[in-house]
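Some notes on the structure that comes next.
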Amino acid sequence: MSDQQGGDRPSADDPWGPTAPHSSGPDQTPGGEPGPGYGAAGYPGYGAPGYSGYGPAPRTTSATAIVALVLAILSFPVCPVIFAIISLLLAKSADREIAESGGSKEGEGLVRAARIISWVNIGVVALAALAFVIAAVVAGVGATRTG
């Protein structure tokens, strides 16, 4: 795009035109940009030697562990034994996934909680079923004696 004078060069009074390169010191490149190792004298420009600037990768929580815990909690009001058993299977899978991740995944506490809640759920359902059977037997025995 050309300017008002018809040439490819901007006019001298154009405030948006390119400026002449300048240098303000030995560590400066033309245009005023810092050169390599741009820190103050005696200090490295990019951090201490041997320091990469990045810490270890953040650990992520295992999605399988989260799903196992959610199913374990839902096993009380929704499908008691079925969700509890699925939660136990997912907890085992999540435990294996966490162990094989080499420390990049976490969620051991979620897996432990899912297992505890699932086994408590299965135990409560088993006790309720046992109580129902005992009540049915006692009611059946009482009905045969009176009749």
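The values are calculated or read from the model by the stated rules, or taken from the named source; none is laboratory data. These numbers come from a predicted model, not from an experiment. For neighbour counting, all protein chains shown are included, and Cβ atoms are generated from backbone atoms with ideal geometry for every residue, glycine included. For accessibility, only protein heavy atoms count, side chains too; no ligands or nucleic acids. Shrake-Rupley method; radii C 1.70, N 1.55, O 1.52, S 1.80 Å.
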Scanning segment 50-66 for residues that are open to solvent by 70 Å² or more (accessible area, probe 1.4 Å) and among the aliphatic types (A, V, I, L, M), which turns out modelled with the highest pLDDT? 66
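Would a scan of segment 127-136 turn up a residue that is touching a Ser or Thr at 6+ places or on another chain (Cβ under 7 Å) and of a type outside the set (S, T, N, Q)?
No.
Yes/no per residue for (1) assigned to a helix (DSSP H, G or I); (2) free of Cβ contacts under 8 Å to residues at least 40 places away in the same chain; (3) among the polar types (S, T, N, Q); (4) within 16 Å of residue 123 (Cβ to Cβ):
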position	(1), (2), (3), (4)
66	yes, no, no, no
70	yes, yes, no, no
83	yes, yes, no, yes
86	yes, yes, no, no
89	yes, yes, no, no
93	yes, yes, yes, no
97	yes, yes, no, no
102	no, yes, no, no
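Matching residues to (1) in contact with a Gly (Cβ under 7 Å, 6 or more places away or on another chain); (2) within 28 Å of residue 128 (Cα to Cα); (3) open to solvent by 30 Å² or more (accessible area, probe 1.4 Å):
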| residue | (1), (2), (3) |
| --- | --- |
| 81 | no, yes, yes |
| 84 | no, yes, no |
| 89 | no, yes, yes |
| 96 | no, no, yes |
| 99 | no, no, yes |
| 103 | no, no, yes |
| 109 | no, no, yes |
| 114 | no, yes, no |
| 118 | no, yes, no |
